[in-house]
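See below for the structure under consideration.
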């Protein structure tokens with residue numbers, strides 16, 4: 001079975017060491033989101049582990065925008081290798097808007 005954007009998102013978040021995952025959550029809280037999306041409540045972000053974080057991202061933003069936002073945050077915290085791997089998965093998976101990012 002082919003991996004979905006959610007699968008790749010979770011795999012990426014699980015690759016972050018705890019310190020970098022905390023940086024990811026901090027940066028996510030301070031990143032602007034598109035107007036049509038509401039922000040994930042800070043309290044939920046702070047308590048989240050990778051599985052819960054992936055679920056929150058997909059629930060609030062949908063798979064494609066969740067991956068796009070994750071790419072943005074990963075690049076902002078200098079996790080460029082993980083961002084590149086996720087971006088490559090987007091290209092190979094032909095996810096609509098992500099292959100451009």
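The values are calculated or read from the model by the stated rules, or taken from the named source; none is laboratory data. On a predicted model such as this, the values are computed, not experimentally measured, just so you know. Note that we place each Cβ from the backbone using ideal geometry, even for glycine, and neighbour counts take in every protein chain shown.
Just give me the residues in region 58-84 being over 14 Å from residue 6 (Cα atoms) and part of a helix (DSSP H, G or I), in sequence order.
Those that are over 14 Å from residue 6 (Cα atoms) and part of a helix (DSSP H, G or I): 72, 73, 74, 75, 76, 80, 81, 82, 83, 84.
Is it true that residue 89 is part of a helix (DSSP H, G or I), at pLDDT below 95 and surrounded by fewer than 16 Cβ atoms within 10 Å (Cβ to Cβ)?
no
State whether the residues of region 49-57 include one that is outside any helix (DSSP H, G or I) and closer than 16 Å to residue 9 by Cα. Lay out the reasoning, then the answer.
Of the residues in region 49-57, the ones outside any helix (DSSP H, G or I) are 49.
From what is left, the residues that are closer than 16 Å to residue 9 by Cα are 49.
Yes; the residues of region 49-57 include at least one that is outside any helix (DSSP H, G or I) and closer than 16 Å to residue 9 by Cα.
Here is a list of conditions, (1) assigned to a helix (DSSP H, G or I); (2) surrounded by fewer than 18 Cβ atoms within 10 Å (Cβ to Cβ), and residue 39 meets all of them except one; can you say which number that is?
For residue 39, the exception is condition (1).
Could you tell me which residue of region 9-34 is farthest from residue 62 (Cα to Cα), considering only residues that are exposed (fewer than 13 other Cβ atoms within 10 Å of the Cβ) and touching a residue at least 12 places away in the same chain (Cβ under 8 Å)?
The selected residue is 31.
Which ones in region 71-85 are within 13 Å of residue 12 (Cβ to Cβ) and in contact with a helix residue (DSSP H, G or I) (Cβ under 6 Å, 6 or more places away or on another chain)?
71, 73, 74, 75, 77, 82, 83
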